[in-house]
Amino acid sequence: MYCIEETWLLPDDRPRSIATALALGAASSSCSYAAVALARSLFRKGAHFTAAMAFEMASTNLVLELSITIVALLGWQLTLAEFVGAPLMVVLLILLFRMFLSRDLVEEAKEQADKGISGRMEGHAEMDMSVTEGGSLWQRMTSDRGLTAISHYFVMDWAAVWLDVGGGLLIAGALAAWVPNAFWQSFFLTGHPVLATLWGPIVGPLVAVISFVCSVGNIPLAAVLWNGGISFGGVIAFIFADLIVELVFDGFALIPSEHKARVVEASITWNYATWLDLGFLVLAAFLVWRFLKTGGPAMLRMMNRPADRGYAHHHAH
């Protein structure tokens, strides 16, 4: 996805390389499968193993579309917790790797990665549609090649996550409609604040494992759990598992006192959001049209198999 020399851009696990990995991950797809495939691709091309793992975590926990969904359904406090917790998890990961990850294990991982075992979104991860020539960033984005690359990424990213997003919405809707709040309140021990604080981060990841969908698809279900009484840390743990964030946010009085997540709209209203929806629908229609007119369907068929190297690296040139 990125036209970079991974060896020199992500050469080690120092702060600069980790920051670069986080920035690249935040700008990439939120699809968990594509994130794993791309992290493996970076590792095989020479990126440091820890930096590749930091990229993978950022690509599922720091992406813009995830933040927009959390703001819309859960509020700014949990969005801020997401941005605090994800880098914190990366820091803990680095410390654990430095303590326990031996060179032999890294070599074994490299050998396994080099076997080229096919996985989901392998072709998507190997496609390089970057536009590196043609002026400023804006000029490259609005050029014919730039618009084509954007349209292809837009459609293929949706193709990667639509099933998980749809699954998340269906599961969240079913639980919201069929499971009474009294069950959630009992299950999450809302009558015992201290126990609820400890229990939420334990049970949150377990629910996430059972109902796993992509990062964005998890948010509607997180909203249902939040309305049901799960603790602040439990919601964050459900998204990516972390208790420290709740303690920090509680210390700064940033935890909302009421659990009111927006799961469904009560009625259809005509306001600024309607105009934004219409504007983005027009933009989406244009990108889909561009995708169909520039060979996109052929690339879409390559998403789940290793892409031809020549095609992957020169498609957009």
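The values are calculated or read from the model by the stated rules, or taken from the named source; none is laboratory data. None of the values given here were measured: they were computed from a predicted structure. To get the accessible areas, we keep the full protein, side chains included, count just its heavy atoms, and leave off ligands, DNA and RNA. Shrake-Rupley method; radii C 1.70, N 1.55, O 1.52, S 1.80 Å.
Summary table
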{"read-out": "Apportionment of accessible area to carbon and sulfur, region 10-75, percent (1.4 Å)", "value": "64 percent"}
{"read-out": "Convex hull volume of region 18-76 per residue (C-alpha atoms, cubic angstrom)", "value": "67 Å³"}
{"read-out": "Segment ALA72-TRP178, extension gain: residue separation times 0.36 nm, minus the distance between their alpha carbons", "value": "35.9 nm"}
{"read-out": "Spread of Cα-to-Cα distances over 5 Å intervals beginning at zero, given as percent, for region 133-175", "value": "5, 21, 15, 14, 11, 10, 9, 8, 5, 2, 0"}
